[in-house]
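Novice: Here you go, one structure.
The values are calculated or read from the model by the stated rules, or taken from the named source; none is laboratory data. Just so you know, these numbers come straight off a predicted model, no measurement behind them. So basically every Cβ, Gly included, is an ideal-geometry build from the backbone, and we count neighbours across all protein chains shown. Ligands, DNA and RNA are stripped out before the accessible areas are found, and what is left, the full protein with its side chains, is counted by its heavy atoms. Shrake-Rupley method; radii C 1.70, N 1.55, O 1.52, S 1.80 Å.
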Amino acid sequence: QVQLVESGGGLVQAGDSLRLSCVASGLTFSRSAMGWFRQASGKEREFVARISRNGITYYANSVKGRFTISRDNGENTVYLQINSLKAEDTAVYYCAADPSGVFSTEASHYAYWGQGTQVTVSS
């Protein structure tokens with residue numbers, strides 16, 4: 001059974017940095033495209049970043065330059081480095097996996113999801 005487990009969220013000050021981690025099990029991680037999404041209270045889930053099976057990355061315009069997605073296939077882990085945090089980054093951050101490797105920003109293309117990790121930024 002596939003499991004994605006996120007960690008690294010917390011309560012931080014505006015301008016701080018965080019690194020979120022997502023450890024995957026039960027799937028061929030190295031062949032999977034991975035993504036990060038977030039959902040703020042009262043809003044729809046939105047795409048944040050994605051990384052292909054061979055490391056090609058893509059970001060939402062709202063986070064470009066501040067967020068960095070990376071992966072370690074040996075550790076079955078995908079990371080999201082978040083710098084210069086803003087109050088509007090406050091959300092639950094979800095890791096998602098697409099074992100077919102499709103490089104997509106659409107949540108519907110991702111078959112598996114983690115439980116989410118809360119990031120709260122105080123200004």
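Novice: Residues of region 37-80 with the amide nitrogen closer than 16 Å to a label point 7 Å from the Cα of Ser7, along Cα-to-Cβ, please.
Specialist: 72, 75-80, by backbone N distance to the label point.
Novice: Please give, to one decimal in nm, the separation of the simple spin-label points placed at Glu106 and Asp16, each 7 Å out from Cα toward the Cβ.
Specialist: The modelled label-to-label distance comes out at 3.7 nm.
Novice: Same structure, new question: Based solely on C-alpha atoms, express the radius of gyration and the Dmax of region 23-84 in angstrom.
Specialist: When restricted to the Cα atoms of region 23-84, Rg and Dmax are 12.3, 37 Å.
Novice: For the chain, what is the charge dipole size about the Cα centre, in debye to the nearest 20, if Lys and Arg each add +1 at the Cβ and Asp and Glu each add -1 at the Cβ?
Specialist: 180 debye
Novice: Right, something else. Expressed as a whole percentage, what fraction of the accessible surface of region 27-123 belongs to carbon and sulfur atoms when a 1.4 Å probe is rolled over the protein heavy atoms?
Specialist: On the way: 2040 of 4660 Å².
Summing carbon and sulfur atoms, their accessible area is 44 percent of the total for region 27-123.
Novice: Need the full-extension length gain, Ala87 to Asp72, defined as separation in residues times 0.36 nm minus the C-alpha distance. One decimal, nm.
Specialist: Length difference between fully extended and current span is 2.5 nm.
Novice: How much of Leu11 can a 1.4 Å solvent probe reach, expressed as accessible area in Å² and rounded to 10?
Specialist: About 130 Å², ignoring ligands and nucleic acids.
Novice: Keeping every protein chain in place, order Phe47, Phe67 by accessible area at 1.4 Å, biggest value first, i.e. largest first.
Specialist: Largest accessible area first, the residues go Phe47, Phe67.
Novice: Starting from the residue with the highest accessible area, list Asp89, Asp16 in decreasing order, probe 1.4 Å. Don't jump to the answer; show the numbers that get you there.
Specialist: Working: Asp89 0, Asp16 65 Å².
I get Asp16, Asp89, largest accessible area first.
Novice: Can you compute 3J(HN,Hα) from phi for each residue in region 16-24, using the Karplus curve 6.51 cos²θ - 1.76 cosθ + 1.60 with θ = phi - 60°, rounded to whole Hz and x for Gly and Pro?
Specialist: So the J values, rounded to whole Hz, are 6, 10, 9, 10, 8, 10, 9, 9, 10.
Novice: In region 65-106, which residues have a backbone nitrogen under 17 Å from the label point lying 7 Å from Ser122's Cα in the Cα-to-Cβ direction?
Specialist: 85-91, by backbone N distance to the label point.
Novice: Show me, for region 82-99, the HN-Hα J-couplings you get by feeding each phi into the Karplus relation (A = 6.51, B = -1.76, C = 1.60, θ = phi - 60°), rounded to Hz, glycine and proline as x.
Specialist: 10, 10, 6, 4, 10, 4, 6, 7, 4, 4, 8, 9, 10, 9, 9, 10, 10, x
Novice: Counting heavy atoms of the protein chains only and a 1.4 Å probe, report the per residue accessible area for region 21-97 as a whole number of Å².
Specialist: On a per-residue basis, region 21-97 sits at 45 Å².
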